[in-house]
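The values are calculated or read from the model by the stated rules, or taken from the named source; none is laboratory data. Being a predicted model, the structure only gives us computed values, none of them experimental. Virtual Cβ from ideal backbone geometry, glycine too; neighbours counted across all protein chains shown.
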Amino acid sequence: MTMTRLRFMALAASLSLGVALAAGGLPQSAAAAADRAVKIGLILPITGPFASTGAEELAGVKQYMADHGKTVAGRTIELVVKDDTGSPNETKRIAQELVTSGGVNVLMGFGLTPLAFATAPIATQAKVPMVVTAAATSSVTEKSPYIVRTSFVTPQGAYTMGDWAAKNGMKSAVTLVTDYAPGIEEQDWFVKAFETGGGKVVEQLKVPLKNPDFAPFLQRVADDKPDAVFVFVPAGVGAQFMKQFRERGLDKSGIRLIGTGDIVDDQFLNSMGDVALGVVTARDYTAAHDSEINRKFVKAFEAANDGMRPNFMAVGGYDGMALVYHALEKTKGDASGPKLIEAMKGLSWESPRGPISIDPKTRDIVQNIYINKVEKKDGQLYSVTMDTVKAVKDPAKAAK
Ligand code: PHB
């Protein structure tokens, strides 16, 4: 018997089994549902200026599936990956297509805040959970009752850093941030914490999102001579910033470079060179995080991705998948939007970044924020944790 004929017979047998089950008491829809895959539409900037975020996120999602299998609560997980190139119009168009003709049960990804903002109304209208694994502006989760976040919230890091800087001998600072929602929010929350702690912010600089040239802004910093410069640039832009910081001689100026983890993005940290040594940042994840589960994660991730080091975007993707798996376990495989979103609220688990949970009221992530300092370990640059602030909720929502 040929292989083709064997396959045909197996297919015929499985088809008739489905019919028999449906005819034998089980409602037809339940029999069909048991067969149906849970479809996850993952929308990321795979190409374009933020492609590094897409690469990390996709690898994180795939790593979770490699570690935990492709079946959960009796349902197969099917991933549909789409490239939005980082353009909000594209993200929106793709999301619309995925929830209508694509039949996805979950939307996931969103590499930048404007991309999440553009998609939120679609999640609400379609009643499809939208798992934000990157975009970090506080208000993202308020744009739809169907949004849940597994990345981080910009005020978590910015507030923690401002507080730490004021308590650790820095009296004056300049802020230098990318001029869009998460950057402005980082600036505001850093200033709030730093000045509450007795520090003084002497200048607030904003750099364009598109094709940034840091040189004129770095000149201002050099002229101001503050104790510290607090910097935010989105993931993928850190290496370019560091290059200009060194070229302008700011690494020799005595001005401390501090920020959130975006400027020492683990994907590029090693290529930045010694200019990064001593930089202090606040963030939920560093590849050097000291836990058994993280050591296993980093090893498997690097092996699967030609040595690429996981950064905070990778764990956002990894935990986005963890969230869907845990929620499906809770609903016993029911992937209807309203049931799934309810199941996601209040979940908690151990991530490669440490213990995390989803605040049932805000649907936002609660997690440790680590104060890290770049050091050399075995000839490689790593952000090594000096201090931990436990179970940090989004300070912006707590203030409302
Ligand atoms: C954002 O657009 O929300 C965003 C992107 C990259 C980051 C941080 C925030 O590293």
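Of all residues assigned to the stretch 227-241, none qualifies as being part of a helix (DSSP H, G or I), more than 16 Å from the ligand (Cβ to nearest atom) and out of contact with any strand residue (DSSP E or B) (no Cβ under 9 Å at 6 or more places or on another chain). Summed over the stretch 136-150, the residues that are within 8 Å of the ligand (Cβ to nearest atom) and within 15 Å of GLY60 (Cβ to Cβ) give a count of 0.
Within the stretch 376-396, can you find the residues that are of a type in the set (S, T, N, Q) and buried (at least 16 other Cβ atoms within 10 Å of the Cβ)? Answer for the stretch 376-396, where residues must be of a type in the set (S, T, N, Q) and buried (at least 16 other Cβ atoms within 10 Å of the Cβ): SER383, THR385.
Among LYS332, LYS299, which is among the basic types (Lys, Arg), surrounded by fewer than 16 Cβ atoms within 10 Å (Cβ to Cβ) and either farther than 30 Å from MET161 by Cβ or in contact (Cβ under 8 Å) with a residue 12 or more places away in the chain (or both)? Being among the basic types (Lys, Arg), surrounded by fewer than 16 Cβ atoms within 10 Å (Cβ to Cβ) and either farther than 30 Å from MET161 by Cβ or in contact (Cβ under 8 Å) with a residue 12 or more places away in the chain (or both) holds for just one of LYS332, LYS299, which is LYS332.
Regarding PRO208, is this residue out of contact with any Phe, Trp or Tyr (no Cβ under 8 Å at 6 or more places or on another chain) and within 16 Å of the ligand (Cβ to nearest atom)? Yes: the conditions hold for PRO208. Counting only strands (runs of 3 or more DSSP E) that sit wholly inside the stretch 347-400, those with at least 2 residues that are under 19 Å from the mean Cα position of the chain (by Cα), modelled with pLDDT of 95 or more and among the polar types (S, T, N, Q) are 348-351, 365-377. Can you name every residue in the stretch 249-269 that is in a strand (DSSP E or B), touching a residue at least 40 places away in the same chain (Cβ under 8 Å) and either of a type in the set (A, V, I, L, M) or within 11 Å of the ligand (Cβ to nearest atom) (or both)? Across the stretch 249-269, the qualifying residues are ILE258, GLY259, THR260. Candidates in the stretch 118-131 are the residues that are within 15 Å of the ligand (Cβ to nearest atom) and in contact (Cβ under 8 Å) with a residue 40 or more places away in the chain; of these, the one that is farthest from ARG36 (Cα to Cα) is THR119. For ALA314, state whether it is within 15 Å of the chain's Cα centre (by Cα) and assigned to a loop (DSSP other than H, G, I, E, B). No, not satisfied. For the stretch 68-76, the criterion of being within 18 Å of PHE117 (Cβ to Cβ), surrounded by 19 or more Cβ atoms within 10 Å (Cβ to Cβ), out of contact with any Ser or Thr (no Cβ under 8 Å at 6 or more places or on another chain) and modelled with pLDDT of 95 or more is satisfied by no residue at all.
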